[in-house]
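Taken together, the values in this text are just the output of simple stated rules run on the coordinates, not laboratory data. The shown structure was predicted, so the numbers you read here are calculated from the model rather than taken from an experiment. A quick note on method: Cβ atoms are made from the backbone with ideal geometry, for glycine too, and the neighbour counts reach across all protein chains shown.
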């Protein structure tokens, strides 16, 4: 009985800690604005990114040279995006408010990847410029 | 017999623990995070000790069992002091450091008494599988409760230091995953060989990795609104 209680409380606490941890990583990227170039490449209007673009953005990020400092973030956010997808599917029939919250979170994840893409493109440009000047 | 995955996890864990200590020494933050440093040094030493014991006595030996579970229990208690140091940082401006110190002494005494009562209740003082699972489950659950209260205080007091927020949240993930795992082991022992045996080493690797990430990427001056991080219901309880 006690073990079952501990298990339920711990799983609930784990979910809460994990969600907050992922949000703390995403929040740091929320402050950055997307460049015109990335918005053009991805086909984004304004500063909002559609949550369904997450997969495509991840593929584009993988094509860019790595800056080496966002791999862990991308993995954590990827897990969080998947988790929010599960929440959205489960809550669709039961709680529309939770569904819309999960959708906003997924959009936040997509925005995060868009910012990562933006940074990687800027990094690639710098690399190219450096190579050109070395010649 | 341990496989390459086990050795890889052990090595990553050891390197991350050593990295955190070196990182804090280089950035001259050793005394600011003193308890955390002591914990990381102890965890790195425990990892080395466990590997040496494993090579000398084997995975199924009783000696390795004693070393593994008792170092784990001692490290968990050492983590309580890390939590207390975070409490002290959160309540620093309120000038309640003295009370936090008393609370930590009380907590240590209560944990020692509780462990003694658990040991006394057992029919023999031998390290039985059920005993270690139950003790670890209880110790980790105390950690979950303490970290959850700390996180509640962070949200209520609108603590904005990103570093502290991430350190606390990583600790919460570590404690809650371990507590859930040991509780599941208690409930369904058959799940242990197939799935549950991976959770403690993975959680044990996640914690130093997450802390290493925080100390490397998040500067001491970085700030973050807790309302952006906490779950909507928790953030709604913040004082206006």
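The figures follow:
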{"item": "Choice from B:100, B:229, B:168 showing the highest fluctuation, given a GNM over chain B with Cα pairs closer than 10 Å", "result": "B:229"}
{"item": "FRET E, pair residue B:156, residue A:52, Förster distance 51 Å, beta-carbon r, rounded to 0.05", "result": "0.90"}
{"item": "In degrees, nearest ten, helix B:97-121 long axis to first principal axis of chain B (Cα)", "result": "20 degrees"}
{"item": "Highest-fluctuation residue, A:93, A:59, A:37 considered, GNM on chain A with Cα pairs under 10 Å", "result": "A:93"}
{"item": "Inter-centroid distance (Cα atoms) of region A:55-79 relative to region B:85-105, Å", "result": "40 Å"}
{"item": "Reciprocal mean inverse distance between Cα atoms of region B:1-92 - Kirkwood radius, Å", "result": "14.4 Å"}
{"item": "Helix axis angle, A:96-134 relative to chain A longest principal axis, alpha carbon, degrees", "result": "20 degrees"}
{"item": "Average beta-carbon neighbours from other chains, 10 Å sphere, peptide B:211-224", "result": "2"}
{"item": "Kirkwood-type radius of region A:52-129, with distances r between different C-alpha atoms, in Å", "result": "13.4 Å"}
{"item": "Order of A:134, B:72 under a 10 Å beta carbon neighbour criterion, fewest first", "result": "A:134, B:72"}
{"item": "Distance from region B:129-198 to region B:1-76 (C-alpha centre basis), Å", "result": "18 Å"}
{"item": "Shielding by other protein chains, A:106-116, mean Cβ within 10 Å", "result": "0"}
{"item": "Fewest-first sequence of B:23, B:181, A:7, A:109 by Cβ atoms within 10 Å of each Cβ", "result": "B:23, A:7, B:181, A:109"}
{"item": "Highest average packing first - A:79-90, B:188-199, Cβ atoms within 10 Å", "result": "A:79-90, B:188-199"}
{"item": "Contact order relative to length of chain B, as percent, for alpha carbon pairs under 8 angstrom and 6 or more apart", "result": "25 percent"}
{"item": "Relative contact order computed over chain A (Cα-Cα under 8 Å; 6+ residues apart), in percent", "result": "36 percent"}
{"item": "Alpha-carbon gyration tensor eigenvalues x 5, square-rooted, for chain B, Å", "result": "31, 21, 17"}
{"item": "Taking N as its residue count, the alpha carbon Rg of region A:10-81 over 2.2 N^0.38 Å", "result": "1.25"}
{"item": "17 Å tail of the calculated P(r), region B:30-70, as % of Cα pairs", "result": "39 percent"}
{"item": "Neighbouring partner chain Cβ atoms per residue of B:173-184, average, 10 Å criterion", "result": "6"}
{"item": "Taking all pairs of distinct alpha-carbon atoms in the protein assembly as shown, Kirkwood radius in angstrom", "result": "22.6 Å"}
{"item": "Distance (nanometres) between label positions extended 7 Å along Cα→Cβ at residue B:94 and residue B:50", "result": "3.5 nm"}
{"item": "Inter-label distance, nm, simple model (7 Å from Cα along the C-beta direction), residue A:11/residue B:190", "result": "1.8 nm"}
{"item": "Size of chain A as Cα extents on the principal axes (Å, biggest first)", "result": "72, 31, 23"}
{"item": "Cα long-axis angle, helix B:129-156 against chain B (0 to 90 degrees, to the nearest 10)", "result": "10 degrees"}
